[in-house]
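Taking it in order: structure first as structure tokens, then the write-up.
We did not get these values from a lab; they are worked out from the coordinates using the rules stated. Values in this document were obtained by computation on a predicted structure and should not be read as measured data. Heads up, the Cβs are rebuilt from the backbone with ideal geometry, glycines too, and the neighbour counts pull from every protein chain shown.
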Amino acid sequence: MENILLQSADYEPTLPVSEKSNPLTRHIDRAPASSIVKMLQACDAEMFLEKSQTQYQRLLSEEMVKTLMEVAERVRLILKDPQDSLVVLSGCGTSGRLAFFMASGFNRELQRLNYAPVYSYVIAGGDRALFSSQEAPEDDPTLGALRLKKVSEGKKRVLFVGVSCGLSAPFVAGQLDFCLRHPDVYTPVLVGFNPAHQARNEPIPGCTLTFHSVVTRMEELAKTQKAFLINPGLGPEAISGSSRMKGGSATKILLEVVFSASFSRTPVTFNLILQHMRSYEKALDFTYSHSQEIAALMEAAGRSLQCGRQVCYLGWGSLGLLGLIDASECKPTFGADHEDIRGFVSGGYKELGNNEGDLTLMGPEFSISHDDFLDGVLPRLTDDDTVLLLYSDSDDIDKVAKLAHRVREKTSNIHAAYHQTAGDAAAKQDDINKLCSSTIIFTWPQETPERLQHLRELSTKLLLNAVSTGAHIFKGKVFKNYMIDLQVTNSKLYRRAARLMQKLSGHSESECEEALLKAIYQVDKLSEDIATCSLETHTHTAGKAKKVVPLALVCLLSGCSIKEAESRLEQQPIVRKAVEACLKSS
Ligand code: F6P
């Protein structure tokens, strides 16, 4: 029943599905780990609900499967002409990271099959955004178009896949608009998870577009297959607006299904696509069949964050990259420090093949290899830190064992998530097991290697999303199912923060925005200058401040000064409790 309710237009009617709060997770902030995992499972399962249960197109709807078949045929054409053609994947934040993840993964796969690589990626903010939070470029449509133009220079045929889970990022709107203005070369494909009429309609400063206006033009062209819209409903995220979760998972599922189909030797059929999608549904169920172990890991990570220590993911291959992606999203979502949850991948930049190469010199956030971990993190590890190994039977088990030994010398709080195939259990893996205080062993049925890898990746993504979300819930960074300490570093996040304040405080829009600005600029009275600054200036300034939303809420609810609010939050670092205390006394 709730599933139907949350898809209905009457539930939080002014919000698009991707921003609604999910009734299933209303009390996630007070739940024990085992219940949190159950809630996440129920939320993720909504991805595969049939259309008859909801109003909108779904992942498995007939129309959706047909669109995926058509896009796969377009990719097939590109594969035949790699010299003059290209597939460009692009997005902001996690959507851009997954664009990189899939572009590099499928290029590797093509090389293995003796095809020329045809995939490129563009991420808002450039490669530094792969591993760190860079939200401001998301607001720039011109930059998006320029980057697309640059990466596809000289190509005669380009299939552009723009991902914006909320149908909202101006960066992607600018790229889609560019494609629509150059139809001789570009065919645009939009991936997102709201119905078209819910695309963001807020004017973008300095241009005449809105995301909504671009989508409307695309809908018209979609009738003649000159543009494609892949926008099934997934239901609201477990943490409201956290599109890295279901949005990211569904992006990965949809694009993998399309790209895999495009180079299969057999014709792309309806059933082929449908069966492939169903295999991800099974992978989801299979992952959550380990819910008790996931909950235990979540608790360990939560304990580390609660006592101000850190969680490190040490991964191999694409599983390691998923660790980096999961960690990088914690800053904008939970106001986390980059040290709180960190990812490291074997081989570092050498293995990644990103556009801009080695970024290590850009700062500590960009140290991503196991060697960086050994040099910079291992010496100060204690039992209060949590280390999670992410590996599979296709990785070099000796190397995993060696690293596990080094970690074990410093902390007993070492865990592992290991993927193996039924019947192929590695004996050496037992040694690693003995070093770890817990190991989740995922034993997968036999499958083609490529598909198996994709399923293991989805499984790892779900596991990591659960661990990092749960750990931050325990740290008090979630109130009900809202991210209470989100960063306010672009227009979408600013609007989300203002809306959240209205919802929690019951104050008017203008009062909430005033409180938000006071917290951003650290003043008790807004000057004329501040009040007239652009939204871009506000979000830029917000990037330098910490705990903006909690500060604004405490001030608004208690009428105290910024200084006083700061000291209250220092005395009660569990943001949820600090805000609750104010709500009770207001
Ligand atoms: O603005 C930051 C952010 O919310 C990220 O957390 C997210 O991954 C990114 O935007 C992309 O959002 P969308 O896919 O909806 O454009």
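Observations on the structure shown:
- Net charge dipole size for the stretch 62-268 [Lys, Arg +1 and Asp, Glu -1 on Cβ; Debye, nearest 20]: 560
- Stokes-Einstein diffusion coefficient of the chain, Kirkwood radius over Cα pairs, 4 °C, 1.567 mPa s, in µm²/s: 53
- Nearest-20 debye value, the stretch 484-584 charge dipole, Cβ charges on Lys, Arg, Asp, Glu: 460
- Sites matching GluC sites (Glu not before Pro) across the stretch 92-177 that sit in DSSP coil, with at most 13 neighbouring C-beta atoms within 10 Å: E153
- Taking other C-beta atoms within 10 Å as the exposure proxy, W316, W444 rank W444, W316 from fewest upward.
- Alpha-carbon centroids, the stretch 390-436 and the stretch 54-109: separation in whole Å: 34
- Taken about its Cα centre, the chain carries a charge dipole of roughly 400 debye when the Cβ of each Lys and Arg holds +1 and the Cβ of each Asp and Glu holds -1.
- Kirkwood Rh and Cα Rg combined as Rg/Rh, the stretch 472-550: 0.96
- Expressed in Å, the radius of gyration and Dmax of the Cα atoms of the stretch 453-492 are 13.3, 36.
- Distance from the Cα centroid of the stretch 265-279 to that of the stretch 136-186 is 29 Å (rounded to whole angstrom).
- Lys/Arg +1, Asp/Glu -1 at C-beta; the chain dipole; positive extreme among F286, H338, G543: F286
- Farthest positive-ward along the chain dipole, Cα basis, beta-carbon charges - from G320, P170, T210: T210
- The Cα atoms of the stretch 290-476 cover 42, 38, 31 Å along the three principal axes, with the biggest extent listed first.
- Spatial separation of Cα centroids for the stretch 318-343 and the stretch 517-586, in angstrom: 25
- Estimated from helices alone, the mean residue ellipticity of the chain at 222 nm is -15500 deg cm²/dmol (sum of -39500 (n - 2.57) over DSSP H runs with n ≥ 4, per residue).
- Among beta bridges that DSSP assigns inside the chain, antiparallel share in %, nearest 5: 5
- Summed over all non-identical Cα pairs, the Kirkwood treatment of the stretch 20-112 gives a radius of 16.8 Å.
- For the stretch 290-476, the relative contact order comes to 28 percent (Cα pairs under 8 Å, sequence separation of at least 6).
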